[in-house]
Amino acid sequence: MSTTVEPTQMYRLVQGAGAVPLLDRDPLIDYPPVLLDSLAAMATSFAVAVFLTGGVVRDWLAGRKPCDLDLTVPGQALDCARWLASRLGGTFVPLDEGEGVARVVWQGLTIDLGGFREGTASIEADLARRDFTINALGLAFDPGRRRLAEPRALIDPTGGLADLRARRLRLCHPGALAADPLRALRAYRFMACLDLSMEAATGERIAGAVETIRTVAGERIRHELDLLMASGRAASAVAAMAESRLLDALLPELACARGLAQPASHHLDVFFHSLATLQSLEAILAAPERFFRPGQVPAARNLAASAAARRLLAHAALLHDLGKVPTAGRAGERITFYSHDRVGGELVAAVAERLRWSRADSRRLVRLVAGHMWPFHLANVRRRTGSVTPRAGLRLVKAHGDDLASLFVLAMADAQAGQGPDKPADTEAALAALFAEVDTLARERVRPVLAQPRLLTGRHLIDLFGLAPGPIFARILQALEEAQVDGRIRTRQQAEAFVRDWLARPGAKPEDVAVLRPARG
């Protein structure tokens, strides 16, 4: 089906239930004139028609600002892109030389150029070979006017405009998944990012082709998962992926948790608890004031406002209990998962390597998963003692640094997702109170100490105390740091006296004394 929208219809806002706003102005006027002049010169120099296609048209029609431009030309796309990059002073990036796809990066704008795909000979045929109908939309560029072409007709060979209005995701053609199995995952990413519902036939085709996702390169899967997890609506999309079993093919480590029973503090098995934790996480980020004390709400809101933080937390929520599969056991009648947090961190590191996560993301994600039980353990200590020691606060802050708020949001989501009859009634309140105390301790006592130069360094231990470098250095400096956070040491002189007393203490280990040698001078 082909839909043509004339200017009078296209350049106005369509009202009514389910309608999306059509263009009420030419969006190209928002782009730099030098770019539009260059596109016009490119069209003339290569004697090619130029079309705005795919995501940029979809986003314009949906009232969103596109992050980039997608251009399609009948042919010579690589030469056009290379020429455009040279004229603009941008960077030329070949993406797929076989298919004739390249990218120009210029002044923060990404411009993707492609030729008609799969041997097609018209823009309508090219669009019909794309992934989803909402992406099979085009608008012609008029090089003479440097604007959208007259009569500015929307090129819509697959009924994408109607699907966009209905917020419906539909494959363009039956062979779309075979052409690129990653499209199965992209479907759920679009559901999350664009808040769409999947057409039943499309869902059936995806469910029948989930195993083909295993043939896709890890970095391509990671890119789609990152976009999905940063959307703020990942939970519903991931639940749908679980139903189609695509999630099992993507994360077989998590699939093994299906049916794995938990203690009576939980009401779900490990697999569905993981999905529920992701759902709880998004609820917490949407309204942190419902879960945390006023002083900690801004930190949670900062996480919610950052796509990178949302993405990382969503991954952590989904994967936080991977370690329960290999550590499952029993102590009498009680189900146990001893050290599942540490083992889970190791498994997440393997997932991160397979999906080609960046080193920085991998380290942060492993720390969150490996440390997700820390707030629960510390909350139990606080229940018994009434407070958190400066030493405990120092260890926690040093281990998690800027991710301290993320750790407590993850713990709160974990707690919310476990609602079995044996769960302590005050779990969430205890976590909120602990976060408030640790946050205050971190701001007032720990971070000021960590931010200032050390009172003593390893060089001082050598010169002042005649110590030979070794493991003792870490023990002394850690003890000194804890004493500073505790408020017992504030000056260099007090630090030196502390070390002398530490070395002479009755409980000193023999190896501590053995490394002593005459001090210099």
Hey, with R₀ at 22 Å, roughly what FRET efficiency would Glu444 and Ser306 work out to, going by the Cβ-Cβ distance, to 0.05? 0.35
Projected label distance in nm at Ala468 and Glu353, using a 7 Å step from Cα toward the beta-carbon: 3.6 nm
Between beta-carbons, use under 14 Å as the cut-off and find the net charge around Gly344, counting Lys and Arg +1, Asp and Glu -1. -2
Would you mind counting up the charge near Glu243? Only other residues with Cβ under 14 Å from its Cβ, with Lys and Arg at +1 and Asp and Glu at -1. 0
Report, in degrees rounded to the nearest 10, the 0 to 90 angle that the Cα long axis of helix 307-319 makes with the longest principal axis of the chain. 70 degrees
Between the alpha carbon centres of the range 303-346 and the range 238-290 the gap in Å comes to 11 Å
Residue order for Trp374, Trp502 - accessible surface, 1.4 angstrom probe, largest first: Trp374, Trp502
For the range 129-224, alpha-carbon Rg relative to the globular expectation (2.2 N^0.38 Å, N residues): 1.24
Can you tally the net charge around Thr53? Count Lys and Arg as +1, Asp and Glu as -1, for every other residue whose Cβ sits under 13 Å from the Cβ of Thr53. -4
Kindly report the accessible area of the chain per residue (heavy atoms of protein chains, probe 1.4 Å, no ligands, DNA or RNA), in Å². 45 Å²
Computed accessible area, Cys256, all protein chains, 1.4 angstrom probe, square angstrom: 90 Å²
Heavy-atom accessible area of Val369, protein chains in place, probe 1.4 angstrom, given in Å² to nearest 10, is 0 Å²
What angle do you read, to the nearest 10 degrees and between 0 and 90, between the alpha-carbon axis of helix 77-88 and the longest principal axis of the chain? 70 degrees
On a 0 to 90° scale, report how tilted helix 183-194 is relative to the longest principal axis of the chain, with both axes built from alpha carbons and the result rounded to the nearest 10. 80 degrees
Ranking Ala41, Ala200, Val210 by how far each Cα lies towards the positive end of the charge dipole of the chain (+1 on Lys and Arg Cβ, -1 on Asp and Glu Cβ), the top one is Val210
Share of the range 364-521's accessible area from carbon and sulfur, percent, 1.4 Å? 54 percent
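The values are calculated or read from the model by the stated rules, or taken from the named source; none is laboratory data. The model shown is predicted, which means the values in this text are computed figures rather than measured ones. With ideal geometry, Cβ positions are generated from the backbone for all residues, glycine too; neighbour counts draw on all protein chains shown. Surface areas here come from the heavy atoms of the whole protein model, side chains and all, with no ligands, DNA or RNA. Shrake-Rupley method; radii C 1.70, N 1.55, O 1.52, S 1.80 Å.
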